[in-house]
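Structure record follows, encoded as structure tokens.
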Amino acid sequence: MKIILIGFMGAGKSTVAELLSQKMHLQIIEMDSLVLKKSKRKNIPEIFEKDGEIYFRQLEIAVAQELQNVDNVIISTGGGIVENKIILDLLRKNGIVIYLEASFLEIARRLKDDDTRPLFRNKKNAKQIYGFRKLLYEHYADFTVSTDNKTPEEISTRIIDKISDNSF
Ligand code: S3P
């Protein structure tokens, strides 16, 4: 089984991946951590500042290439992976792609004091990116789980139910 969690920054991908990993006994792969390892930087904002977003996206593609044959894992992706079609083409083979959907308002609330996301520093730009990517997340998803007003526990239970009864 391979589960790929997609969605905007702050949608809860990492938290939900953690719960799913415990409940389903699957290992977690955090794409952002692998990207960071491949870079020579201390953190993600530094990759954006010193090397630029295009370089960051290239590292994401390289990580996806390395992950194309993994199995029995939950892959928690970075919010921008839908910007390069090749990434989901590589990741989704024999996997289930789940879109964790959250409203922009809810995301802005969750990321209010967060400065680890370079693309959320300008809220107006972030809103534009959100609008554009929403269509891509929907396009790639095998199913969507709405996360507004839901706890990570509720979200993970919903995902497990849907997977177990194959209702997607
Ligand atoms: C990004 C999302 C981040 C991280 C980077 C770029 C994006 O991951 O990959 O800051 O373009 O949306 P999260 O979705 O885990 O915040």
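The values are calculated or read from the model by the stated rules, or taken from the named source; none is laboratory data. Note that the coordinates shown come from a computational prediction; the quantities given were computed from them, not determined experimentally. Neighbour counts are summed over all protein chains in view; Cβ atoms, including those assigned to glycine, are modelled from backbone coordinates with ideal geometry.
Filter the stretch 136-153 down to residues that are part of a helix (DSSP H, G or I), out of contact with any Phe, Trp or Tyr (no Cβ under 9 Å at 6 or more places or on another chain) and within 14 Å of the ligand (Cβ to nearest atom), then give me how many there are.
Number satisfying all stated conditions: 1.
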Wholly inside the stretch 1-53, helices (runs of 4 or more DSSP H) that include 2 or more residues that are under 23 Å from GLY95 (Cβ atoms) are 13-24, 31-38
Single match in ILE86, ILE81, ILE61, ILE98 (criterion: aliphatic (A, V, I, L, M), under 19 Å from LEU20 (Cα atoms) and modelled with pLDDT of 95 or more) | ILE98
Of (1) in contact with a strand residue (DSSP E or B) (Cβ under 9 Å, 6 or more places away or on another chain); (2) part of a loop (DSSP other than H, G, I, E, B); (3) closer than 22 Å to ILE81 by Cα, SER167 satisfies all except one. Which?
-> (3)
Please determine, by comparing only the residues of the stretch 120-135 that are among the aliphatic types (A, V, I, L, M) and crowded, with 16+ Cβ neighbours inside 10 Å, which one is nearest to the ligand (Cβ to nearest atom).
-> ILE129
LEU105: within 15 Å of the ligand (Cβ to nearest atom), assigned to a helix (DSSP H, G or I) and either aromatic (Phe, Trp, Tyr) or at pLDDT 95 or above (or both), yes or no?
-> no
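How about the stretch 108-119: which of its residues are over 17 Å from GLU46 (Cα atoms), in a loop (DSSP other than H, G, I, E, B) and within 13 Å of the ligand (Cβ to nearest atom)?
Matches in the stretch 108-119: LEU111 only.
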Go through the stretch 76-88 residue by residue and tally those that are touching a residue at least 24 places away in the same chain (Cβ under 8 Å) and away from the ligand (no atom under 12 Å from the Cβ).
-> 2
